[in-house]
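Q: Supplied in structure tokens, the structure appears directly below.
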Amino acid sequence: MTSHPVAFKGIRARLVIANDVSDRKLLDEKQLSLHATLRQSAMEWRQTFNAIDFPVLIVDLEGHIKRLNQAAEEIVGWDAEEVAGRDLADLENSQPWKKASELIKSICDNGGSSAAEVKDETTGKTWAITLYLIQEFGSVGERAILIAQDITKRTELEASLRQGEMMSLLGSLVAGVAHEVRNPLFGISSILDAFETRFSDRTEYLRYTDVLRDEVGRLTVLMEELLEYGKPFKGDFYKLSVDEVITKSLRSCLPAAEVAQVGLVNNIKDPLPKLMVDRRRLSKVFVNLIENAIQHSPSGATVSVEACEVHEAQQGWVDCSVKDCGPGILDEDKAKIFEPFFSKRRGGTGLGLAIAERIMGEHGGKLIAGNNPVAGACMTARFPLPPEEEMVDA
């Protein structure tokens, strides 16, 4: 209702206008309700978008970032306001952003979607990248949804399963061969013993018998390692401290170190957490690692053993490292250093590290090959820390 002053035939009066606004009021109420619903939907969408635990970005087809969720912010290291409008290539020259930039260029040519897997050599992570073109009603311009998932654990598990199957088959094969070869090898050794006894006074034969004895010894060691490699895992786990096993292994390797004139140092000062391990099999791991370090160290050098507790990806680990002062591991050899029969040392069987890695896999751990910052190789046996309720005393 409105009132306006007017003059009618010289008389002052007021014009009162009354309008029926029932429909407009109802419309305003509907608009307010619609706005509230839209605000609620927008808030729920943002909460859902940020609740996704892997990086999700909305980008245009030129690679400019329009929006990203909280998981993407954590990886990028910038807030959403800082990243909005930037090019994917500006984030870092690393994965998964580098590969994502390449996928955006090809998304229009392959039907509106594109996917790839890529490994970041810097961090060691493997990413599954998927790009979907947004073509639904309401989209502003041509945009795409970029999803990057960290599939490192999955790829490691798949590789571990493939390797486990291959190692199981190979272990059965070499064990069978070792059993077949061991009998004729024993016969050769027995005949050589009889020959040396029969012709002990013939010194001119020594240069032949000594060579035969050395070769029989090498074959015997090879057969023992083949049998060890192919031995089925029984899983006799007990709770004990790894540093006790390391101390005994160092003591077992002292004779070899004295012959090579290499010092052995135990740098484990603090007691390590007790783990579920197979005492005999685990001792084989450290003996192999220490002997390998001795063989690659020059005379007068030192082989040291260190250990510490680390935490990565919400998992606790115990790292036991054997460090030598040798030439170290070449980059091209790291990928095959744990393969059976691979050896850079003359006279080596190439099974020591393969056996150690297999035993570590039986313990749910892994063997990591690397180099020291200054010089020499560093072999790290990494053991997972199990929940306390699963521990059983020896």
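The values are calculated or read from the model by the stated rules, or taken from the named source; none is laboratory data. All of these numbers come straight from a predicted model, not from anything done at the bench. Counting neighbours? That spans all protein chains shown, and the Cβs are built from the backbone with ideal geometry, glycine included.
Q: Looking at (1) modelled with pLDDT of 90 or more; (2) surrounded by 14 or more Cβ atoms within 10 Å (Cβ to Cβ); (3) outside any helix (DSSP H, G or I), which one does Val265 not meet, given that it meets all the others?
A: Only one criterion is unmet by Val265, namely (2).
Q: Out of Gln95, Gln40, Gln70, report the one residue that is surrounded by fewer than 14 Cβ atoms within 10 Å (Cβ to Cβ) and either modelled with pLDDT of 70 or more or among the hydroxyl-bearing types (Ser, Thr, Tyr) (or both).
A: Gln40
Q: Can you tell me how many residues in segment 316-342 are part of a loop (DSSP other than H, G, I, E, B), crowded, with 16+ Cβ neighbours inside 10 Å and either of a type in the set (S, T, N, Q) or modelled with pLDDT of 80 or more (or both)?
A: 7
Residue-wise test of (1) assigned by TED's automatic domain parsing to the domain that holds Val181; (2) of a type in the set (Gly, Ala, Ser); (3) exposed (fewer than 11 other Cβ atoms within 10 Å of the Cβ).
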residue: Arg198; (1), (2), (3): yes, no, yes
residue: Lys239; (1), (2), (3): no, no, no
residue: Ile246; (1), (2), (3): no, no, no
residue: Arg251; (1), (2), (3): no, no, no
residue: Leu254; (1), (2), (3): no, no, no
residue: Lys269; (1), (2), (3): no, no, yes
residue: Val287; (1), (2), (3): no, no, no
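Q: I've got another one for you. Is it the case, given these coordinates, that Gly85 is more than 20 Å from Ile75 (Cα to Cα) and either of a type outside the set (A, V, I, L, M) or modelled with pLDDT of 75 or more (or both)?
A: no
Q: Something else: Can you find a residue in segment 194-213 that is within 28 Å of the chain's Cα centre (by Cα) and part of a loop (DSSP other than H, G, I, E, B)? So that I can check it myself, show each step before the final result.
A: First pass over segment 194-213, keeping only residues within 28 Å of the chain's Cα centre (by Cα): none.
There is no residue in segment 194-213 that is within 28 Å of the chain's Cα centre (by Cα) and part of a loop (DSSP other than H, G, I, E, B).
Q: Taking interchain pairs and intrachain pairs at least six residues apart, which have beta carbon atoms under 8 angstrom, with the first residue in segment 182-210 and within 28 Å of Glu228 (Cβ to Cβ) and free of Cβ contacts under 8 Å to residues at least 60 places away in the same chain and the second charged (D, E, K, R) and surrounded by 11 or more Cβ atoms within 10 Å (Cβ to Cβ)?
A: Leu192/Arg213
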